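The values are calculated or read from the model by the stated rules, or taken from the named source; none is laboratory data. Since we're looking at a predicted model, the values are computed, not measured. Cβ sites come from the backbone with ideal geometry, for glycine too, and all protein chains shown count toward neighbours. Surface accessibility is based on the protein's heavy atoms, side chains included, excluding ligands, DNA and RNA. Shrake-Rupley method; radii C 1.70, N 1.55, O 1.52, S 1.80 Å.
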Amino acid sequence: ESYFRRCLVVCFSSIVACKFIQVNCPSKSTHLTFNLDGIIQTANELKFTNELRQIIQKELDEPSDEFTKYFAKIVYPSHVTSRILEQFKGLVKKTFSQYINDEINERLKSALRKQEQDEKQKAIIEQQNLETENIPTDEEIELYMIVKAICRAKVEGARINYREARGHQYFSILLDDSQRTPICRFYSNDHKKQIGLIDAEKKVESVVDINSLDDVYRYSEHFLKAVDCYIKPTANIAN
């Protein structure tokens, strides 16, 4: 019976791996010390493992009387006759085949679940990075407050909004939070700062350099003129 127990232990722990196993033995030459006992132990384990796998494969293909009787005696409530033994040979073979297929399917499902989880985590990280990218800088917020204060002469402050272009390409200040009604744009990098002045009638933008946000006040009339154009009843805003 110890023979069967030994077979079963190996069977249930590695039966699926027998179908797909890829032997990956690290090179002993990479070690600085020569461990003879360890090499002998590893060789013996490989030898016994291969022999047990061959036995298991043979039993799975054509269950022997002893192998079949081991399981039949566990589940069959009465004496195992020759007729019952033959019946159980087919059942044992079928059961092991189903078990292997179930294990393979479960591993595939587990791999797919992990892949889905990894993709979801990646999407979350990308979204977090995107949200971080689109957070306006202190300088952009200050610019927005300046332009908003100027435009209050024409409209309520709540109608003045801003949007951060993806990747900080530029910072837009808008009327009614619409890309069709830009008041101005702000471009900034390590070398210079620029304001995009919008001609709302001609639908064109003129970019001018500024030294600091104090220079923004010089273009108050441009901002007010753009807002005026948008709030006129006859304004024709292009898409």
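Summary of computed values
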read-out: Subset of the range 161-194 (residues that are in contact with a strand residue (DSSP E or B) (Cβ under 8 Å, 6 or more places away or on another chain) and among the charged types (D, E, K, R)); value: Arg163, Glu164, Asp176, Asp177, Arg185, Lys192, Lys193
read-out: The range 56-68, subset open to solvent by 50 Å² or more (accessible area, probe 1.4 Å) and under 19 Å from Tyr99 (Cβ atoms), residue farthest from the chain's Cα centre (by Cα); value: Glu62
read-out: Matching residues, the range 147-182, being touching a Gly at 6+ places or on another chain (Cβ under 9 Å) and not in a helix (DSSP H, G or I); value: Tyr170, Ser172, Pro182
read-out: Of residues in the range 177-199 being touching a helix residue (DSSP H, G or I) at 6+ places or on another chain (Cβ under 8 Å) and among the polar types (S, T, N, Q), the one least open to solvent (accessible area, probe 1.4 Å); value: Thr181
read-out: Among the candidates Lys109, Lys114, Lys122, Lys148, residue that is of a type in the set (Lys, Arg) and in contact (Cβ under 8 Å) with a residue 24 or more places away in the chain; value: Lys148
read-out: Residue in the range 200-213 that is in a loop (DSSP other than H, G, I, E, B) and within 37 Å of the chain's Cα centre (by Cα) present; value: no
read-out: Pairs where the first residue, in the range 220-239, is modelled with pLDDT of 95 or more and the second is surrounded by 10 or more Cβ atoms within 10 Å (Cβ to Cβ) and part of a helix (DSSP H, G or I), C-beta under 8 Å, 6+ apart; value: Ser220/Ile150; Phe223/Val147; Phe223/Ile150; Phe223/Cys151; Leu224/Ile150; Leu224/Cys151; Val227/Cys151
